[in-house]
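Student: Structure in structure tokens, see below.
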Amino acid sequence: MGVSLQKLKITVLFNMLCHVKSGLALKTTLLAAAIFFSFMPTASQAYVYPDTPSFGSGFSEPYPSPEWSLSALRGYIPVAPGKKGQGDHPLCASASDPHCANVDSILADLIIPPCYSDADRICVEGLEIGAEGKPLEKATLDHELTTNKTPADAKLGLPAGGSASLWNAPSVAHQGNTLSYAVIVSAGYHIDKKAPINLQKFEAIRFEAKVVPVNIKKGAYCGYEIFEVADDGYGFGEVNTSSRMVGEGCKYSEYKECILTEKGSCAAPAEFLPNSRVALTLRMDSKVTGWLFGRMKDVDVAITAIDTKNNKLRVEATSVNLLSGTAWVAKKDLINYPDLYAYMKKNWFIGDGKFEDWLDKTGSSWGDLMPTGTFDQFKVWEQLIKPNPEDNWRWNFASSNNNNANGTNCFAQAGKDKLIGLVTTNAPIYDSGAPAFKDGALSYKVAGLHFKADGSVFKGSYDLAIRSDVARCLYGFSNAPIRASVSVLSSDGSTQDVASELVTEKNGWMTLSAKNFTFSAPTIKVKLIQDKPLVSGTDQSKQSAPIAKSVAKLKVIVCVKGKMIKKVSGSNPKCPTGYNAN
């Protein structure tokens, strides 16, 4: 919309860090910005602009972009009183870099490297891949990409930043007919440099893990680096950061299908085999707490403590095929869609009042619907979105530190030091926060199109894995077995029938699922039920007195058959067939 790509990136980085007063606001802003930046559109979402000046939008699960799969530390200095601007954002070589000595805070965006020894922490330990219905096989590390790294600071609780890695499966090729898979795990940390020295620690604010099948292309490719911009070009004279290719002969147009690049090679995304099974094992800081959410189904989660500060997290699940879609509306026809018109006017460059000016221009513009939380935006575009026919197989998960859903203490207390649960769905639009606990049910919002491109009904899937102790806390349950009731409330108020079951309860986790529900904007409700709670030994004194058993009186009868006589006893004795009572 008349703004260069580089300036757009700088502007959003401004908005990420400036005017943030509370930790909660910072987490929310940074997570949203990270999701906005860390992706590029799928191939099916190619921006083919119509001849008529139009507005366009679409939704898909976007791929990572190479310039945002980099580790970097960025400082923040607020704008001086009485001046205009958004503050300075210097690039820090380390957490103790003198260049960042006067910053108010530091944001660390880190790519988690592979593990190289048993002593390594905050790293990718292993990847396993399996075809549908086949056993998993361990992939081997090919290499970690060559990019700038950031140093750890043990005193301040900051892990080292590395690079994404490429792995090779022994025999499970993806639809691109190769054995290569990219693992991109990123984590965000933040430190308040104005806090008392003894309280200055980096706190985890986001976490994300992706496994992407890739084809490796050789050629005149370059890697990326993040660099400092001395003057952002907006007239404020403020410092910021941006990204650029490193090397000679680099052309941006050659990189449109690359999710990772380095000197001489490009990793281009491919598709999983249908319903591939994937397991990713990570050694992670125990500061990564709260809820995980993502794109997978039939999930199995295991968390074990490595030491007092780190956990081993293993997530095994099946990939899901996601629906994507695109929409266009001619500017001259926008007035016929009043809800869409009002939404776009309100959100046009944060309501700068110039929306009508853009309606009179001849150009077209495009804006993506991000998968997480854009329910209002989806609603106003829904009637215009046409589904894309291409496969869109994905496997990923991320964290949310929104633990205190509806003020429930069970979430808030558990989320302080542990992961609570994992919510996954194939819904195009979903809520990235914790399920809301209300009226005895865990509720979760999703949205999507009712039909696929071939006219068939798009069927939804939803998986919930929740720590057993948290589930029992919510309902006041004992350790007795628990059943699950799953309902899907459609946007028109009707209730859908779904196939659901309590899949398993093991290793301290409960896992259940809902399958085959339909869209456009249903709410999934999970209610846990326990019929007969067990009473622990400490509660035996509270039980009512035992009931004395009544002993039935025995009766004896004599049964005769010719010369044969039998005596039969019991509470209600009867003679055998052929015998008569005497």
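The values are calculated or read from the model by the stated rules, or taken from the named source; none is laboratory data. No experiment lies behind these values; they were computed from the predicted model shown. When we count neighbours, we look across all protein chains shown, and the Cβ atoms used for this are built from the backbone with ideal geometry, even at glycine.
Student: Quick check, is Asn311 farther than 30 Å from Gly133 by Cβ, assigned to a strand (DSSP E or B) and not acidic (Asp, Glu)?
Tutor: yes
Student: Right, something else. Residues to consider are Ala160, Ala169; find the one that is under 23 Å from Leu419 (Cβ atoms) and among the hydrophobic types (A, V, I, L, M, F, W, C).
Tutor: Details: Ala169 fails: under 23 Å from Leu419 (Cβ atoms).
Exactly one of Ala160, Ala169 is under 23 Å from Leu419 (Cβ atoms) and among the hydrophobic types (A, V, I, L, M, F, W, C), namely Ala160.
Student: Looking at the structure I just gave you, is Gly176 at pLDDT below 95 and over 23 Å from the mean Cα position of the chain (by Cα)?
Tutor: yes
Student: May I ask you to verify whether Thr178 is closer than 22 Å to Cys92 by Cβ and either in contact with a helix residue (DSSP H, G or I) (Cβ under 8 Å, 6 or more places away or on another chain) or surrounded by fewer than 16 Cβ atoms within 10 Å (Cβ to Cβ) (or both)?
Tutor: no
Student: Of the residues Val124, Val172, which single one is within 21 Å of Leu273 (Cβ to Cβ) and of a type in the set (Val, Ile, Thr)? If you could, list the steps in order and put the result at the bottom.
Tutor: Values: Val124 fails: within 21 Å of Leu273 (Cβ to Cβ).
One residue alone meets the criteria, Val172.
Student: Of the conditions (1) within 19 Å of Ala317 (Cβ to Cβ); (2) out of contact with any Asp or Glu (no Cβ under 8 Å at 6 or more places or on another chain); (3) at pLDDT 80 or above; (4) not basic (Lys, Arg), Val486 satisfies every one except a single condition; which number is it?
Tutor: (3)
Student: Please specify each residue of region 310-352 satisfying the condition of being in contact (Cβ under 8 Å) with a residue 60 or more places away in the chain and of a type in the set (D, E, K, R).
Tutor: Residues satisfying the conditions are Lys312, Glu316, Lys331, Lys332.
Student: Which residue pairs have Cβ atoms closer than 8 Å, lie 6 or more positions apart in sequence or on different chains, and pair a first residue in region 188-210 that is farther than 14 Å from Ala95 by Cβ and in the same structural domain as Asn102 (by TED's automatic domain parsing) with a second residue that is part of a helix (DSSP H, G or I) and basic (Lys, Arg)?
Tutor: Ile205/Lys27; Arg206/Lys27
Student: Moving to a separate point now. Please enumerate the residues belonging to region 425-477 that are crowded, with 18+ Cβ neighbours inside 10 Å, without any contact (Cβ under 8 Å) to a residue 40 or more places away in the chain and not hydrophobic (A, V, I, L, M, F, W, C).
Tutor: Within region 425-477, Arg472 is the sole residue that qualifies.
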